[in-house]
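Visitor: Would you mind keeping the following structure in view while I ask a few things?
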Amino acid sequence: MAPIVENRTDLFTPNQADMASVVARFRPGVSLTQAGKALEQWLRQTTADRPEADRVTGVQLESRATPNPFSAGTNLALMPIVVAFVMVLLTACANVASMMVARGVARQREIGIRLAIGAGRRRLIR
């Protein structure tokens, strides 16, 4: 779909493009120049048996990553939202725990009878 949407040639047609766009993720510790050299070396070895016009002449890598670290001002602006979210989450957890305790207390007599009859712990929990 990309060639149709972006109005460019497809790599898998007889009229191959002169440039290929690849999205990749580097291993930790690999720089942009190291990756470019390794990719160029690999491409030269791969296309060595092709005619001169079809061989790779170079590689151009560009970083499109957009790291967006939070600044101190952004942290201060988002802090009330984070605190409110945590408070709502804690309230919901407390409500669920309270309902489970109430349910267990309501079934205390039933559980006592089942224990007296001889039900095991696994059966009671199930």
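The values are calculated or read from the model by the stated rules, or taken from the named source; none is laboratory data. Predicted, not measured: the structure shown is a model, and the values here were computed from it. Using ideal geometry, Cβ is built from the backbone for each residue, glycine included, and neighbour counts are taken over all protein chains shown. What goes into the accessible areas is simple: the full protein's heavy atoms, side chains included, and nothing from ligands, DNA or RNA. Shrake-Rupley method; radii C 1.70, N 1.55, O 1.52, S 1.80 Å.
Visitor: Considering only protein heavy atoms and a 1.4 Å probe, what is the carbon-and-sulfur percentage of the accessible area of segment 37-90?
Guide: 63 percent
Visitor: Full extension from M87 to Q34: what is 0.36 nm times the residue separation minus their Cα-Cα distance, to one decimal in nm?
Guide: Details: separation 53, 0.36 × 53 = 19.08 nm, distance 4.71 nm.
The span from M87 to Q34 would gain 14.4 nm if fully extended.
Visitor: While we're here: Mind jotting down the three principal axis lengths of segment 44-109 based on Cα atoms? Whole angstrom, largest first.
Guide: That gives 87, 42, 12 Å along the principal axes, largest extent first.
Visitor: While we're here: In segment 33-79, what is the volume of the convex hull around the alpha carbon atoms, normalised per residue and reported in Å³? Write down the numbers at each step before the final one.
Guide: On the way: hull volume 4.7 nm³, N = 47.
Hull volume over Cα atoms, normalised by residue count, gives 100 Å³.
Visitor: Taking the square root of 5 times each eigenvalue of the Cα gyration tensor, what semi-axes in Å does the equivalent ellipsoid of segment 15-126 have, largest first? Don't skip to the end; give the middle numbers.
Guide: Details: eigenvalues 830, 147, 26 Å².
Three semi-axes, in Å: 64, 27, 11.
Visitor: Leaving out ligands and nucleic acids, and using a 1.4 Å probe, what accessible area per residue does segment 15-126 come to in Å²?
Guide: Value returned for segment 15-126: 95 Å² of accessible area per residue.
Visitor: Further, regarding this structure: Modelling each spin label as a point 7 Å along the Cα-to-Cβ direction, I'd like the V22/T66 distance in nm, to one decimal.
Guide: 2.5 nm
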